[in-house]
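Heads up, the thing below is written out as structure tokens.
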Amino acid sequence: MKVLQISAECYPAAKAGGLGDVVGALPKYLNQQGVETAVVIPMYRTKWITQQKWQAIFGSKVRQGDYYVPFQVLQFESTPENDLGFPLYVVDIPGRFDREGVYIDSHTGYGYNDEVERALCFQQAVLTWLKHSDMKVDVLHCHDHHTGLIPFMIKHAHEYKSLGHLPTVFTIHNGEYSGAFHWKKGYLLPYFDHEARGLLDWSNVIHPLACAIKCCWKLTTVSKGYLNELQRNAQGITWLLNHERPKSKGILNGIDTNVWNPKTDKYLPKKLGRSIDQFKDANKKAVLQHFRLDENRPLITFIGRLVGEKGAQLLPSIITNFLNAGGNASFAILGTGDPNLHRVFSQMRQQYAGRFDVALEYNEGLAHQLYAGSDYLLMPSKVEPCGLNQMYALRYGTIPIVRAVGGLRDTITDIGNKDGNGIRFDHFSVPDAFNAVRRASQVYDNPKVFKAIRKAIMKQDFSWEKSARIYKEMYESLV
Ligand code: GLC
């Protein structure tokens, strides 16, 4: 069986968040289980993509309104040293994707304004390629709204109907973004059956997320908890998610335990040997130096995009309230996002020198070092479809402090319970998060308890094998 994963991100080629990690890992594990899986993404000009060797395998053009947009499909030429564990294809669309950023223009800090055109070109280019290539595919697996019109297009767009028999799986990694756009831009779509118009529409706009949910054969979300939450409240599409309940399933993501292995991680100044204490102490020391933070305090870290869903806007108040109240901890933040938050954090690092520092960047290596060198990882998420960071933290001996939502609720149990693996709080609010941070600092003051928790969480298993098997069964049920 052959499966093609179609996505906007795939680690290490292009990653903005967890979507990239999942699409860069799941195919590897599926291949190991005998499901031949390849990935296709747009050809951005990320550092990784520009440094690799590619072979052009297909070229054509797609119609967008009055224009024809040329594109090429290229295949990654892997060597034994940089083998990904799956074939990777990129679609080169000059004028649309030959930019460094995946979604965000680093010069302005805001998203690109031709998002709609970009997504449409990419989806059509992939289908044009599939239609003409002799590559046999049995299942199309689409991820998030950027690829959400594909299940519709192969059924109802004249050009792509020869692919209409292909089963489609659609995974919601982030239901906060729908990709919706005005019908005024409908002329950019490929010609489609007029009577199918309703499938594109939700509340009088073209809604790729809703359209995907309606047209896909199987719908998945990245945890059971998140699926339940969406069925209760999904910003205007709650009814639709309930209607499509029979074809829906929550499948928890795993983590790539080859990339995230504290014993071999190439980014770490000190790898895990026999002593957990030595591993944590040496990495913490390196991180404290990098971030210019005081020693002898618990280090609490936030890693991720500085956006509303992740609760980034709560961070300034949580941290300043805690430090102003004389709390014992230091804080480090790594990530980029809301330009206003960038300003606030830059100011805070002056004001709270030694106790707070921030790296306003996307930095994969530094993220690994922080997981290894921190005592706690704070995830005050408003929404968290799965969350991978808490799993990376566990594996690297960093205790997660999480809001009990979505995948965080599914993976983290409070240490007040038997086998607890983190600190949980319920409400999306500064006082609740503040209390959780205070509890963390108290636990740290009791080294025996703290170290026992740390040791236990490092043994937990969140690898992909189990979930990959569930996807495999799902694909098999479709062909
Ligand atoms: C998105 C979600 C995150 C999830 C990831 C991978 O980034 O916000 O919770 O872990 O996708 O599915």
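The values are calculated or read from the model by the stated rules, or taken from the named source; none is laboratory data. Just so we're clear, the structure is a prediction, and the values are computed from it rather than from any experiment. All Cβ positions, even for glycine, are placed from backbone atoms using ideal geometry, and neighbour counts span all protein chains on display.
Using the structure shown, decide if GLU309 is surrounded by fewer than 21 Cβ atoms within 10 Å (Cβ to Cβ), in contact with an Asp or Glu (Cβ under 6 Å, 6 or more places away or on another chain) and of a type in the set (D, E, K, R). In short, yes.
So for the stretch 273-287 (the condition being surrounded by fewer than 16 Cβ atoms within 10 Å (Cβ to Cβ), touching a residue at least 24 places away in the same chain (Cβ under 8 Å) and in a loop (DSSP other than H, G, I, E, B)), does at least one residue qualify? No, the stretch 273-287 contains no residue that is surrounded by fewer than 16 Cβ atoms within 10 Å (Cβ to Cβ), touching a residue at least 24 places away in the same chain (Cβ under 8 Å) and in a loop (DSSP other than H, G, I, E, B). Taking the condition outside the structural domain of HIS342 (by TED's automatic domain parsing), more than 16 Å from the ligand (Cβ to nearest atom), out of contact with any helix residue (DSSP H, G or I) (no Cβ under 9 Å at 6 or more places or on another chain) and modelled with pLDDT of 95 or more, does LEU74 pass? When the stated conditions are applied, LEU74 passes them. The residues on offer are HIS173, HIS156, HIS207, and the sole one that is in contact with a Ser or Thr (Cβ under 6 Å, 6 or more places away or on another chain) and surrounded by 15 or more Cβ atoms within 10 Å (Cβ to Cβ) is HIS207.
Residue count for the stretch 344-373, restricted to those that are more than 15 Å from the ligand (Cβ to nearest atom) and not in a helix (DSSP H, G or I): 11. Residues of the stretch 7-40 that are farther than 21 Å from PHE462 by Cα and within 15 Å of the ligand (Cβ to nearest atom): SER7, ALA8, GLU9, ALA14, ALA16, VAL39. For the stretch 136-172, residues that are more than 16 Å from the ligand (Cβ to nearest atom) and in contact (Cβ under 8 Å) with a residue 12 or more places away in the chain total 22. Answer yes if at least one residue in the stretch 255-275 is hydroxyl-bearing (Ser, Thr, Tyr) and more than 26 Å from ILE453 (Cα to Cα), and no otherwise. Within the stretch 255-275 (the criterion being hydroxyl-bearing (Ser, Thr, Tyr) and more than 26 Å from ILE453 (Cα to Cα)), the answer is no, since none of the residues qualifies. Only one entry in LEU299, LEU315 is farther than 30 Å from ASP461 by Cβ, crowded, with 17+ Cβ neighbours inside 10 Å, within 26 Å of the chain's Cα centre (by Cα) and modelled with pLDDT of 95 or more, namely LEU315.
Checking each residue in the stretch 355-392 for being under 24 Å from PRO431 (Cα atoms) and either more than 16 Å from the chain's Cα centre (by Cα) or without any contact (Cβ under 8 Å) to a residue 60 or more places away in the chain (or both) picks out ARG355, PHE356, ASP357, VAL358, SER374, ASP375, TYR376, LEU377, LEU378, PRO380, GLN390.
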